[in-house]
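Written below as C-alpha cells is the structure these notes are about.
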Amino acid sequence: MSKSKRQYLLSLSGLYFALFALLGLALILSAMTWKVLYATSLDINKHIYAAQLNLTQGHLMLEKKLHGADEIAASQVWLNFESAQTSINQLIAILNRFNRVSFVKTTNTHIPINLLLNINKKITQLETKTNKLSRGKRSIKSSAPEYDVQYNQHFTEILADIRFAKHILDKIINHAMERQFRLQLLTLSFWICLLLATVSASIYLEKKRNQVIKKMEYLVYHDQLTDLPNRQQAENLLNQAVASSKQYKHKFALMILDINNFRFINDNFGRKKGDQLLRLIAERLKICLKKDDIIPKIINKSSISRIDGDKFSIILEGINDFHDAGLIYQHLRKDIGSPFLLGNDELNITLSAGISMYPFIKQPSHHLFSFSEAALKKAKHAGRNSSQYYTKELYKEHTSLLLLEHDLSLALEYNQFSLVYQPQVSLTHMTVVGAEVLIRWNHPIKGFISPDKFIPVAEHGGQIAAIGKWIIQKSCEQWADWANQGVQLPKLAINLSSTQLNKANLIEDINKIVANSGIMRECIEFEITETSIMQEGIVVNNFLRDLKHAGYRLSIDDFGTGYSSLERLKKLPVELLKIDKSFIDDLAENSEDYFIVKAIISLAHSLNLLVLAEGVETTQQLNILKELNCDIIQGYLFSQPLSSVDFLAFITKKASNPE
C-alpha cells in the first residue's frame, strides 16, 4: 500500500473515531439527564407519599380525637404532623429546584410557564397552611376541641394540595422526560444522519480520489499531445511483452520510427502546426496497425508509444523475423507517405525506422531500445526514409561504439587529444592567410582515431561540448604563443558542431577564453556546416547573428552538400563559403563538378562572400580554381595538417619565400 493511501485511511479512521466518540458522548449526556429526571421523580413520589401517609394517619387520629379519644391520641397526631411537615418542606425544596433556571440548563428540560406559576401558587398555599398547622399544634396539645374541625379542614385542604402538586409534578416530570426522549431521539437521528453523510462523503471522496489518481497515472504514463503512451509507459509495455514472450515462447520486434526533417517543419511552419502534424501521424499509425489486411495476419498484438519529440515506438508481438517487421514498416511508410493537410499547407512526410528482435543473442530486454535506436541511427545515415535491422553485425559495431564512447569520456582527462593546423593560402598572393584547427585523438591502445569516427560519437554521448571548449581554449593559447614568437596569424578557423550550438552560454564562454588569451576576436573564424544550418534553422541563424555581433568571423563549411536556398544564404551573416572536398576531387575530370564549383564561386562573389576550396591536391585543380577566381585554397598540395611547431616553421618559410 502506498504512503499516501495509508495516510488517507488513517485520517479517515480518525474521522470515524471522532464521530463515534461524539455520538457516544451525546448518548452519555442524555443518559445522565434521564438519570437525574428519574431520581428526581423518585424523590418527589417518596416525599409526596410520606406526606400523604403522615397526614392521613394524623387525620384518622384526629377523627378519633373528635369522637372522644384520650389525651395520648392527640400527641400521636402531632408526631405524624411533624413528619408530614418535614416531607412537605422537602417537597417544597424539590419544587423550588424545578423552578431554578440552573436546573433547566442542566437537564435541558424546558418546563411550561403555566405549570411554573401553578407550582409557585401551591408552594405559597402549603407554606401558609403549614404555619396554620404549627399554630394548631399548640391548640391540640391544650385539648381545645373547638379547633378540631378547623384542623380537619386544613388537613383535607393540604392533602388536596399535595395531590394537586403531585399531579403537576407528574406532568412536569412526564413533560421533561418526553422532551428529553424527543431530544435524545433527535440527537441520535442527527448523529446517525451525520455518520451516514460522512460515510457517503467518504465513499464519494474515495471515488473522486481514485479518479484523480487514475487521471494522474494516465498523465504520468501518456503523452498529452498525442494521447499515446509515453517513454516510461513504453518501457512498461516492453517488459510486459518480454514476460509474454517467455510465457508463450513467441518472438516480438521493437520498431522505432523517426519523422525525417521534422525540425525543419517546426521552424518553417511553426510549432502549432508541428504539434498538429504529430497528432495526425499518431492517429494514422494507430489506424494503419488496426487495418484488416496483412498486418493483423503477421502479428498477434501491437502497441504504439511516443517516446520523444518526433519518435514513435511500436511493439510487434508474435512476429517471426526481420522480414515480417520490414513488411510492416513498408505498410506504415506507405500510409504515412500520403500527404497531410495542415490548413492551407500540404506536407509529405517520410519515416526512418530501426528494428530489433527479442530474444536476441541473450541480451537483456532493457537494451532493446538502445538496439533499435542504433539501427535507426544507421538508417538515417544511410539516406533516411528507410529501415535498418539490429543484426549481429550491427551489434558488434554498436558495442564497439559504446566502448569508444567510454574511452572518449576519458580522453580529455588523460590528455590524449592534440591539435594540428592546416594552412589556408590566398590564390591572389600565394601567402598564408590562416589555418584550420583540426583535432587528433591518439588512443593509447588503438593508436590514431579519425575525427570522422569519434566526433559523431562525442556528439551522441554529450562529450562534444567539453571537447569543443578545449579546442577553442588550446587554439587561442597557441595563437598567443605564436604571437609572442613574432608570428601573428591573420585568422584561425575553428569548427563548431551543431550540438554545441544548443549549449547555453556558449558565446559567453568563448568571450572569456578569447579575453584570457589575448587574441583579437576578428582573428577567429568559426565554421558551421551547411547541413547544421539546414537542420537547426532559426537556432543557428540567431546564434550566427550573436557571434557576428560579438566580432567573430563566420564561414559555411562543406558548402554544396546541404541544399541551402539562395534566400536563406542572403540572410546569413557569413563572410566565406568553403566548397566541399567532394566537388574538388574530380574537378578536372567531371564537368558537372566543374560547373557546380563555378556556380558556387559566382554565387558567392555576387553576395560579396569569399570562397575557399578545401582538399586541393593537384596542380590541375589549382589552375582551374585560379581560372574560376577562387579566393583561398586548402589542401595537401600546399601542406598537410601540421603540429604547432611544424606549422610555425612552415609559415616562417612561406613568409620568407612566397613562391
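The values are calculated or read from the model by the stated rules, or taken from the named source; none is laboratory data. Bear in mind that the values here come from a model prediction, so they are computed numbers and not experimental data. Because the Cβ atoms are built from the backbone with ideal geometry, glycine has one as well, and the counts that use them run over all protein chains shown. Side chains included, ligands, DNA and RNA excluded: accessible areas come from the protein's heavy atoms. Shrake-Rupley method; radii C 1.70, N 1.55, O 1.52, S 1.80 Å.
Things to note:
- Taking segment 405-429 as the range and being open to solvent by 50 Å² or more (accessible area, probe 1.4 Å) and aliphatic (A, V, I, L, M) as the test, the residues that pass are LEU410, LEU412.
- Only one of the numbered conditions (1) modelled with pLDDT under 85; (2) of a type in the set (Ser, Thr, Tyr); (3) open to solvent by 30 Å² or more (accessible area, probe 1.4 Å) is violated by SER370, and that is (1).
- Checked against the criterion of being in a strand (DSSP E or B) and hydroxyl-bearing (Ser, Thr, Tyr), segment 385-401 contains one or more residues that satisfy it.
- In the set (1) at pLDDT below 90; (2) assigned to a helix (DSSP H, G or I), the condition left unmet by LEU410 is number (1).
- Qualifying position, being more than 18 Å from LEU254 (Cα to Cα) and open to solvent by less than 60 Å² (accessible area, probe 1.4 Å), among LEU332, LEU347, LEU316, LEU351: LEU347
- All told, TYR218 meets the bar of being among the hydroxyl-bearing types (Ser, Thr, Tyr), surrounded by 12 or more Cβ atoms within 10 Å (Cβ to Cβ) and at pLDDT below 90.
- Residue within segment 636-648 that is assigned to a strand (DSSP E or B), open to solvent by less than 10 Å² (accessible area, probe 1.4 Å) and either among the polar types (S, T, N, Q) or at pLDDT 90 or above (or both) present: no
- LYS571 among the basic types (Lys, Arg) and without any contact (Cβ under 8 Å) to a residue 40 or more places away in the chain: yes
- Criterion violated by VAL539 - all others in (1) at pLDDT below 80; (2) of a type in the set (A, V, I, L, M); (3) closer than 13 Å to ILE510 by Cβ satisfied: (3)
- The residue pairs whose first member lies in segment 592-620 and is over 18 Å from SER555 (Cα atoms), whose second member is among the small types (Gly, Ala, Ser) and open to solvent by 50 Å² or more (accessible area, probe 1.4 Å), and whose beta carbons are closer than 9 Å, counting only pairs six or more residues apart or on different chains, are ASP593/SER582.
- If you filter segment 221-247 down to residues that are hydroxyl-bearing (Ser, Thr, Tyr) and either under 14 Å from the mean Cα position of the chain (by Cα) or over 20 Å from HIS367 (Cβ atoms) (or both), you find that the one that is most open to solvent (accessible area, probe 1.4 Å) is TYR221.
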